[in-house]
Amino acid sequence: MIHDSSHPFGEPGRVVVGVTGSPSSEAALRRAVQEARCSGRALLAVLAWEAPGGEVASRIAPQPSLAALWERQARDRLDAAIRSALGGLPDIPVDPAVVRAPAVYALNALADQPGDLLVLGAGPRHPLARLLRGRVRRRVMARAASPVLLVPPPVLPRAIRRRLRQATVADFVSPEGTGSAC
């Protein structure tokens, strides 16, 4: 794919990536870094969160201290996802954004310019899992004002997948019960 840093509308826009910490979103984050590096665009990593119980319950009985705690936890999840996917910060600037809003609205609001690119994890490959768990992705794509790039999750070899399906809790706990199998 040939990338051109010039954009027909003037400014090159941003690469906006939705981050959840899942293997698909980690793959999307790595691809977003690559796209931002090649196109010269700014990179915005977004984790959208909502109050447990929903926004209606939060408005009926607001708890500012809990909201601050939940936002701090969301920021920690975003930082951990960036570290996990990239091994720290890449050689390009990453602007992390924690947004209190449904992911569909947050991602589409942040990737609303003509030169923006929205990068999302494509989710599981199994058709039933995609049907049950792909609502946010489908809704974002239906409402997107900018191009959307879906990145498939990494694929594990069949032998490893089989072993993981057969694993039990005992496989991950040491004999001393410390939780470390090393």
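The values are calculated or read from the model by the stated rules, or taken from the named source; none is laboratory data. Since the structure is predicted, the reported quantities are computational estimates derived from the model, not experimental observations. We place every Cβ from the backbone using ideal geometry, glycine too, and count neighbours over all the protein chains shown.
The single condition among (1) of a type outside the set (D, E, K, R); (2) surrounded by fewer than 16 Cβ atoms within 10 Å (Cβ to Cβ); (3) at pLDDT 95 or above that Gly88 does not satisfy is (3). Filtering Arg130, Arg100, Arg77, Arg135 for residues that are within 16 Å of Ser25 (Cα to Cα), charged (D, E, K, R), out of contact with any His (no Cβ under 7 Å at 6 or more places or on another chain) and modelled with pLDDT of 80 or more leaves a single hit, Arg77. The set of residues in segment 37-56 that are surrounded by 12 or more Cβ atoms within 10 Å (Cβ to Cβ), of a type in the set (A, V, I, L, M) and within 23 Å of Val136 (Cβ to Cβ) comprises Leu43, Leu44, Ala45, Val46, Leu47, Ala48, Ala51.
Each residue in segment 30-65 was checked for being aliphatic (A, V, I, L, M) and either farther than 20 Å from Asp76 by Cβ or in contact (Cβ under 8 Å) with a residue 60 or more places away in the chain (or both), and 10 of them qualify.
Within segment 138-147, one or more residues are modelled with pLDDT under 90 and under 13 Å from Val46 (Cβ atoms).
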